[in-house]
Amino acid sequence: MWRPVFLMFALISHSLSEELPSYITPCSRNVPNLNECALKAAKESIHKFALGDKSRQLPPLDPLFVEDITIYIPNENGLKLIFKENYFHGLSGMQVESLKFNFEKRIITTEAIINLDVANKYDLSGKLMVVPIRSNGDSSIKLKNTDLNVRMWYEHYTGDDGKLHWNITKHDVKYEVEKAIFKLENLLGDKNIGDQINKLLNELWKEIVADVGPLICQSLTKAVVKSLGTFLEQVSFDEMFPE
Ligand SMILES: *[C@@H]1O[C@H](CO)[C@@H](O)[C@H](O)[C@H]1NC(C)=O
């Protein structure tokens, strides 16, 4: 007897729009400085949002898991470096620099600065001056002052509750990294060679980031936009921007 009733309740409550969580202050759509108000609300809520909210099906974004990242140094005939089990820490500390809602074109644009610390494992193989080598162990990457510019296109649709909801239909991202710092621990069990390879990686950081940056940025942005989309589907336009 219990189960069907509970299920029905769950279904009903899911199709009704939820109120804004207490950590988000709504902005009236009639204020002249709506984007400023939205930016303030975003700055105040981003930390909580990034930590996730089970009751709203929002997963934690900090740390964020990213699939294998493969780098060739300096090309496929040299060394192959795979970073595995990548956990990106720092999204909950992001600084939202701007947030703009264009209701006419239905575009949300935002800029955020993030300092990311990646804890991962490396697997290095290939040839170092014609000598085949292989090594693996713990590693870390620091991405200092990553500047993300994200555009999200949305549509409105009428939910089961008769209210106007949001649907993010696509997004794109531009990014810039101020500096990347790589550290591979215990390379080949030889401190001298290890230091040399780490030095080489850190000299080549710009090329490496140019190579793997798009994949990393897309993974990060996709996760954030997915969460934001889940959140926006739950709240109605009226709740976010009341009269
Ligand atoms: C949201 O947009 C996606 C992609 O355009 C579409 O497949 C989906 O049906 C839309 N959802 C709603 C509820 O309108």
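The values are calculated or read from the model by the stated rules, or taken from the named source; none is laboratory data. From a predicted model like this one, the values you see are computed outputs, not experimental measurements. Glycine also receives a Cβ, built like all others from the backbone with ideal geometry; neighbour counts cover every protein chain displayed.
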For the stretch 197-233, which residues satisfy the criterion of being within 12 Å of the chain's Cα centre (by Cα) and either farther than 20 Å from ILE181 by Cβ or within 16 Å of the ligand (Cβ to nearest atom) (or both)? GLN218, THR221, LYS222, ALA223, VAL224, VAL225, LYS226, SER227, LEU228
Within the stretch 165-243, which helices (runs of 4 or more DSSP H) (wholly inside it) include 2 or more residues that are within 25 Å of ILE107 (Cβ to Cβ)? 205-234, 237-240
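For the stretch 165-178, does any single residue satisfy the condition of being away from the ligand (no atom under 16 Å from the Cβ) and within 19 Å of LEU200 (Cβ to Cβ)?
yes
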Conditions (1) touching a residue at least 12 places away in the same chain (Cβ under 8 Å); (2) over 23 Å from LYS43 (Cβ atoms); number of the one not met by VAL131: (1)
Pair list, Cβ under 9 Å, 6 or more apart: the stretch 141-164 residue more than 19 Å from PHE103 (Cα to Cα), other residue within 16 Å of the ligand (Cβ to nearest atom) and part of a strand (DSSP E or B): ASP161/SER236
Quick one: is SER139 more than 23 Å from SER236 (Cβ to Cβ), away from the ligand (no atom under 16 Å from the Cβ), surrounded by fewer than 19 Cβ atoms within 10 Å (Cβ to Cβ) and at pLDDT 95 or above? no
Which of (1) more than 30 Å from SER28 (Cβ to Cβ); (2) within 16 Å of the ligand (Cβ to nearest atom); (3) surrounded by 18 or more Cβ atoms within 10 Å (Cβ to Cβ) is the odd one out, the single condition SER236 does not satisfy? (1)
